[in-house]
Amino acid sequence: MRVLLKVTFEVEKFNAAVTNGKEDSTLNSILADLKPEATYFVALGGKRTGLFFVNIDEPSQMVALAEPFFIAFNADVEFLPAMTPEDLAKAGPDFERVAKKYA
């Protein structure tokens, strides 16, 4: 299943990594293991945030994906199911069924 892994970095911990020159090597190491389909870095709510689209086969994989961010950066991590346009198209019959039942 494709998920959006949203990582909000703790400011002080990330600042310390920047000051020590370790943020780049640490992030590159995590991303090499993560193997995201797409990666974006943004500021959300005034905090450094990484958005990573990854595929997981089972929920137990969330540990391997989240723990590096927890340990290295004291980050907040969220997993959000994500769909492609093709996935959404497959859901068409469910839209119709639910609309008929609850409209």
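Key figures for this structure:
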read-out: Filter result for PRO85 (of a type outside the set (A, V, I, L, M) and under 15 Å from ARG2 (Cβ atoms)); value: yes
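Each row is one residue, and each column tells you yes or no for (1) out of contact with any Leu (no Cβ under 9 Å at 6 or more places or on another chain); (2) within 15 Å of LEU27 (Cβ to Cβ); (3) of a type outside the set (A, V, I, L, M, F, W, C).
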{"site": "TYR40", "(1), (2), (3)": "no, yes, yes"}
{"site": "ALA43", "(1), (2), (3)": "yes, no, no"}
{"site": "ARG48", "(1), (2), (3)": "yes, yes, yes"}
{"site": "ASP76", "(1), (2), (3)": "yes, no, yes"}
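Any read-out appearing in this document is the output of simple, stated calculations on the displayed coordinates, not a laboratory observation. Since the model is a prediction, treat every value here as computed from it, not as a measurement. Positions of Cβ are generated from backbone atoms using ideal geometry, with glycine treated the same way; all protein chains shown enter the neighbour counts.
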